[in-house]
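Comments concern the structure below.
Just so you know, all these numbers are worked out from the coordinates, no wet-lab data involved. Note that the structure is a prediction, hence the values are computed from the model and not measured. Cβ sites come from the backbone with ideal geometry, for glycine too, and all protein chains shown count toward neighbours.
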Amino acid sequence: MDLEGIGAMSAAAVAALGVPAAVLVGRWQMRGALRAAEETGRAGIAQAESTYRAALDAVRTEADAAHQQWRRGIRRDANAGFLLAMTRCVQAAETLPRGRLETSQVLSAAEDELIRAKNDLSAALWVVKLEGPPHIADGAGSVSSLTFEFTAALARKAEYHHAASILYHLSLSNPTAAELDASLMGLAVVVSETGYNARPGARQMPPQEVTEAVERATELHGQLSDDIGMSEWVVLLNEALNYYTDPEALKRRLTSSVEQLLPACRQALDARSSTGNPSLATDL
């Protein structure tokens, strides 16, 4: 074989070896490009996820803040509505006619107004219980109970003054009524002097003087039953026995209860979940 043939064969061999090498190099380069593209894609996805999470967190934070603000607004309205209903209830009771002879219609109209005010207070209390938080609902429940006690005491006082006015005007022309009026005043003095406690739960036996005074007053009322009804008589007798709780004592307790509730309401409305207090965050 001549030199040209040998050169041709060598060139062919080199070419044959160069093709696989080129393919191999091409594959390595393609794998490198794929890995780079994959890493770039992962980095892009990670960046996109991070951006999405940041945006989602911002939206959640804003939504939580808006929800807390809305909850505080609802609770503020509930608390304010309850306190206003309590005030109207007390005012309705304090305007009940006392100390003068009123017609039954006037007293009945005032009592109807008080009943409506008490119903409004009950409804307002349910709103506070629904909206919470629990410790505010408990405090409002105590205020509501004391309000009902206080208004009931004022209503009894109004009924007593109405009955006493009837007895007084009757006594101006009826000696038996005048004697009954004096007998009831004497009974009140005996109760005070003996320290007898006729209120529920006292379980104290009445002294002989009290028993005799009650029997005499009851006897006199029996002669006036057509002029003084049973409801008026019961009110007159219980007042003489000091059976009812003093409205002023109940008013002081109510005022104290409201003064304790107000700061608690303010604290609950000012609370933030970011304060780190788990109980406040839960309440919100």
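Points worth noting:
- Gain on full stretching of the segment that runs from ALA178 to ASP246 - 0.36 nm per residue minus C-alpha separation: 21.8 nm
- Net charge of Cβ neighbours under 15 Å - reference LEU262; Lys, Arg +1; Asp, Glu -1: 0
- Residue-span extension gain [ARG53 to SER122] - 0.36 nm each, minus C-alpha spacing: 20.2 nm
- Backbone N within region 120-153 under 16 Å of label point (7 Å from LEU84 Cα along the Cβ vector): 120-128
- Legend: calculated FRET efficiency, GLN223 to SER192, from the Cβ-Cβ distance at R0 = 25 Å, rounded to 0.05, equals 0.40.
- Across region 118-130, rounded Karplus estimates of 3J(HN,Hα) from the backbone phi angles (6.51 cos²θ - 1.76 cosθ + 1.60, θ = phi - 60°) give 5, 5, 5, 5, 4, 5, 5, 5, 5, 5, 5, 5, 5 Hz, Gly and Pro being marked x.
- In order along region 133-150, phi translates into HN-Hα couplings of x, x, 5, 6, 4, 5, x, 5, x, 5, 4, 5, 4, 5, 5, 5, 5, 5 Hz, rounded to whole numbers, per the Karplus curve 6.51 cos²θ - 1.76 cosθ + 1.60 with θ = phi - 60° and x for Gly and Pro.
- Backbone geometry of region 82-97 corresponds, through the Karplus equation with coefficients 6.51, -1.76 and 1.60 at θ = phi - 60°, to 3J(HN,Hα) couplings of 5, 5, 5, 5, 4, 5, 5, 5, 5, 4, 5, 6, 6, 8, 4, x Hz, x marking Gly and Pro.
- The stretch between SER145 and ILE74 holds 23.2 nm of extra length on full extension. This uses 0.36 nm per residue minus the Cα-Cα distance.
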